[in-house]
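First comes the structure, then the notes that go with it.
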Amino acid sequence: MKNNNYAKLRINGGYLKGRSIPLPDTKFTRPTKSIIRESLFNHLGANVLQMIFIEAFAGSGSVGIEALSRGAKQAIFIEAESCIYQQLKENLVHLQLDSLANTHLADSLEILPSILLNLNAPAILYLDPPFPIRIGKESLYESLLLLLPTLCLQHIEYIIFEVMSGLNIPESLGHLTHSKERKFGKTSIHYYTKRES
């Protein structure tokens, strides 16, 4: 008999509003809070429609799932922990989103170059790396910032970082400029958008 007492993450908006997915094991991942997801998609508004939404360090996929619920045409999920990845796959099947999703059991830093190189439509890149206070993850944020300017960002309309508040944030990433920051206690969301001509 299945245990139905797991905590849940609830989808805030779109046609799946009110549906929920299991809260992932916090030993491996830090779920994006509901208030952050609500703020994120309020800010993006209609800009998410018909976009490809890439969620790196995806965990249970709650942000990409929310994007699909709100009208993204496809979501790409990258997750390195096999147990969390399996739950992500189950979440997509449960919500009947698997046909709109492309999932990768992989290190985000290793696979992002090929994913971005092969994009052929406008996309939003959402990055939620583990906080550097996690053992073994102390240099991940710096490695990600070094990698991003070397990538093919031609089709990226937004880069959105969910990071620990207080970290140094660059003013630009390739052709994208830091345009907005929202703080939620220990977590901050940073938006990069295309420079105006």
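Is there a residue in the range 48-58 that is open to solvent by less than 60 Å² (accessible area, probe 1.4 Å), at pLDDT below 95 and either outside any helix (DSSP H, G or I) or touching an Asp or Glu at 6+ places or on another chain (Cβ under 6 Å) (or both)? Reasoning before the result, please.
From the range 48-58, those open to solvent by less than 60 Å² (accessible area, probe 1.4 Å) are 48, 51-58; that's our starting set.
Within this subset, residues satisfying the condition of being at pLDDT below 95 are 57-58.
The next check asks that each one be either outside any helix (DSSP H, G or I) or touching an Asp or Glu at 6+ places or on another chain (Cβ under 6 Å) (or both); those that pass are 57-58.
Within the range 48-58, one or more residues are open to solvent by less than 60 Å² (accessible area, probe 1.4 Å), at pLDDT below 95 and either outside any helix (DSSP H, G or I) or touching an Asp or Glu at 6+ places or on another chain (Cβ under 6 Å) (or both).
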Original post:
Does A67 satisfy the criteria of being touching a residue at least 40 places away in the same chain (Cβ under 8 Å), part of a loop (DSSP other than H, G, I, E, B), of a type in the set (G, A, S) and in contact with a strand residue (DSSP E or B) (Cβ under 8 Å, 6 or more places away or on another chain)?
Top reply: no
**OP:** Might you let me know whether the range 131-146 holds any residue that is part of a loop (DSSP other than H, G, I, E, B) and at pLDDT 90 or above?
**Re:** no
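I'd like the full set of residues that are under 19 Å from I160 (Cα atoms), in contact with a Lys or Arg (Cβ under 9 Å, 6 or more places away or on another chain), modelled with pLDDT of 85 or more and not β-branched (V, I, T), limited to the range 14-44. Walk me through it before giving the result.
Of all residues in the range 14-44, those under 19 Å from I160 (Cα atoms) come to 29-44.
Checking the rest, the ones that are also in contact with a Lys or Arg (Cβ under 9 Å, 6 or more places away or on another chain) come to 30, 34, 36, 39-41, 43-44.
Those left that are additionally modelled with pLDDT of 85 or more: 34, 36, 39-41, 43-44.
Those that are under 19 Å from I160 (Cα atoms), in contact with a Lys or Arg (Cβ under 9 Å, 6 or more places away or on another chain), modelled with pLDDT of 85 or more and not β-branched (V, I, T): S34, S39, L40, F41, H43, L44.
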**OP:** Kindly list the number of the only condition in (1) touching a residue at least 24 places away in the same chain (Cβ under 8 Å); (2) in a strand (DSSP E or B); (3) surrounded by 14 or more Cβ atoms within 10 Å (Cβ to Cβ) that fails for K180.
**Re:** (3)
Original post:
Of the residues F41, F77, which is touching a residue at least 12 places away in the same chain (Cβ under 8 Å), among the aromatic types (F, W, Y) and either surrounded by fewer than 22 Cβ atoms within 10 Å (Cβ to Cβ) or out of contact with any Phe, Trp or Tyr (no Cβ under 9 Å at 6 or more places or on another chain) (or both)?
Top reply: F41
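Out of the residues in the range 183-197 meeting the condition of being surrounded by 13 or more Cβ atoms within 10 Å (Cβ to Cβ) and not polar (S, T, N, Q), tell me which one is modelled with the lowest pLDDT.
Initial filter on the range 183-197 (surrounded by 13 or more Cβ atoms within 10 Å (Cβ to Cβ)): 184, 187-194.
Filter once more, keeping what is not polar (S, T, N, Q): 184, 189-192, 194.
Details: F184: 92, I189: 94, H190: 94, Y191: 96, Y192: 95, K194: 85.
Per the criteria, the residue is K194.
Based on what the data block shows, is L100 open to solvent by 30 Å² or more (accessible area, probe 1.4 Å), farther than 24 Å from H43 by Cα and not small (G, A, S)? Give the derivation first.
Details: open to solvent by 30 Å² or more (accessible area, probe 1.4 Å): yes; farther than 24 Å from H43 by Cα: no; not small (G, A, S): yes.
Against the criterion (open to solvent by 30 Å² or more (accessible area, probe 1.4 Å), farther than 24 Å from H43 by Cα and not small (G, A, S)), L100 does not qualify.
The values are calculated or read from the model by the stated rules, or taken from the named source; none is laboratory data. Here the structure is a predicted model, which is why all the values come from computation and not from measurement. Note: ideal-geometry Cβ built from the backbone for every residue, glycine included; neighbour counts use all protein chains shown. Heads up: the accessible areas ignore ligands, DNA and RNA and are worked out on the full protein's heavy atoms, side chains in. Shrake-Rupley method; radii C 1.70, N 1.55, O 1.52, S 1.80 Å.
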